[in-house]
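The structure appears right after this line, and notes come after that.
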Amino acid sequence: MTDAAGPHLMTNVTVHSTAEPYAEAMIVEDGVVAWVGSEETAERLRDERSVVEDGGAALAAPAFFGWLRRPVGTSAAELEAALDAAAEGGTATLRLVIDGLDDQDPEALTAAATLLGIAAEHPVTIHPVLELTDAAARRDGSAARLADAVGEREAGSDAVTAIGLPTSLWSAEDPGASILPVALRCAEDGRQLVLSLPQGAAPSTVVHVVTGMRRRLIEEAGRRPPADRPTVLFGFDSPDIDDWEALIGTGVHVVLYGPGHLSAALKAGVPTSAAPGEGQCPWELVSAHVHRAEDPVSVRAAFNAQVRGAHRMVSGQPAGQLNPGSAATYALWDVDSLAVQTPDSRTAAWSTDARARTPLLPYLDGTELPRVRRTVIAGHTVVRAPAAETVGHID
């Protein structure tokens, strides 16, 4: 994709579009998907202004959504390198967690504002989270003071909309007692609360805290998390469907860190997304969910958990699509084959039946992975991978 004056017409490509599941061509203009459809129709739409590109039989799919955590002392060069690496892996949107922040530490506030300014200049879309230290989290009003102070220091920045709490709070005898004051303040200020859970956190304890927190938010503040800013549980997982069902109606969004019980979450109807480890190919996590020994899911479900589901977490809207009117934010992938792949090996492993009207995705055999060719954000190429690098491999 180039910054051409006219509409950009790409042919010989499979476009993953829910509006036109078997699209072979796409027109992008002014950073927006203007049209998707057949190559035959594309030829009729072509005019003297069109900039035509052969997609080389690649897959154009909505770019991935990832998570990036950095301490407040991170250098500008390190942050820029991390953002570049994310884009090189086919990720166009990141939740950036800046940790180690205290509202009584002016140097940390200024450093956080500097990092947000750097991130704002990068093509990758950033949704920041400011994570309090343990001491700051326990002081009344720290969350609001922190968000306001950083917002004021970062010129041109909107007020920070997400506050994170450290995992250390979960080691307390009553974690809910530490979390509730911040949850109340976030609800009152319209900010999103992000709870990062320590590895091995007991699901039953997390459910108890979350359900109790919701009850007290309603009783004491008359509020509940708005649909467009749900409370985020980062790292929650459980093999027990009862734990997932207990989260229904609590206003939370679960982020699975790595492969987890996505099938149980979907069956229960809990809004859930998934985040790969830093530096991990997003398709590797998709493949891990598809090939789980227990409760596998389809490629489509695992892919959506890292794209559309993640966007709903920060906006409440079904972003992350390549339909007319959507932002032209996608990655081009070289793939061996495309399919509608189910998780159950006892039935047909894959299907390309056009009557299904289901957009195609890479067929994942558990070994070979798609390799990114190019990442495009709002119509502009931000990463163009070497032509020789075409297929990834799961070690």
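Here, each number is a calculation from the coordinates, and none is a lab measurement. What you are looking at is a predicted structure, and each value in this text was computed from that prediction instead of being measured. Note that we place each Cβ from the backbone using ideal geometry, even for glycine, and neighbour counts take in every protein chain shown.
Quick notes on this one:
- Cα centroid separation - the range 74-138 against the range 225-242, whole Å: 23
- The overall shape of the range 75-196, judged from the alpha-carbon gyration tensor, is prolate: a/c is not under 1.5, and a/b is greater than b/c.
- Ranking of Asp336, Asp237 by count of other Cβ atoms within 10 Å, fewest first: Asp336, Asp237
- Taking a Cβ cut-off of under 12 Å around Arg224, the surrounding Lys, Arg, Asp and Glu residues balance to a net charge of +2, with basic ones at +1 and acidic ones at -1.
- Considering only alpha-carbon pairs that sit under 8 angstrom and 6 or more positions apart, the relative contact order computed for the range 64-315 is 15 percent.
- Rounded D (µm²/s) - the range 245-294, Kirkwood Rh over Cα pairs, Stokes-Einstein at 4 °C, 1.567 mPa s: 112
- Once backbone amide H atoms are built at 1.01 Å from N, Val297 has Val290, Arg292 as its partners under 5 Å, excluding neighbours fewer than 5 places away on the same chain.
- Computed about the Cα centre, the dipole magnitude for the chain is approximately 860 debye when only Lys and Arg (+1) and Asp and Glu (-1) carry charge, each at its Cβ.
- Vicinal HN-Hα couplings computed from phi for the range 27-37 (Karplus, 6.51 cos²θ - 1.76 cosθ + 1.60; Hz; Gly/Pro x): 10, 10, 9, 6, x, 10, 5, 8, 6, 9, x
- Going by neighbour counts of Cβ atoms within 10 Å, the residues Cys186, Cys281 line up, fewest first, as Cys281, Cys186.
- DSSP-defined antiparallel bridges as percent of all bridges, the chain, nearest 5: 45
- Per-residue [θ]222 nm for the chain (sum of -39500 (n - 2.57) over DSSP H runs n ≥ 4, rounded to 500): -8500 deg cm²/dmol
- Near the amide H of Ser38, within less than 5 Å, lie the amide hydrogens of Glu24, all on another chain or at least 5 residues away, with H placed in the peptide plane.
- Shape of the range 64-315, Cα gyration tensor, a/c cut at 1.5: oblate
- Summarising the amide proton neighbourhood of Gln192: residues at separation of 5 or more, or on other chains, whose placed amide H is nearer than 5 Å comprise Ala162, Ile163.
- Sorted by Cβ neighbour density within 10 Å, fewest at the top, the residues Ile179, Ile218, Ile118: Ile218, Ile118, Ile179
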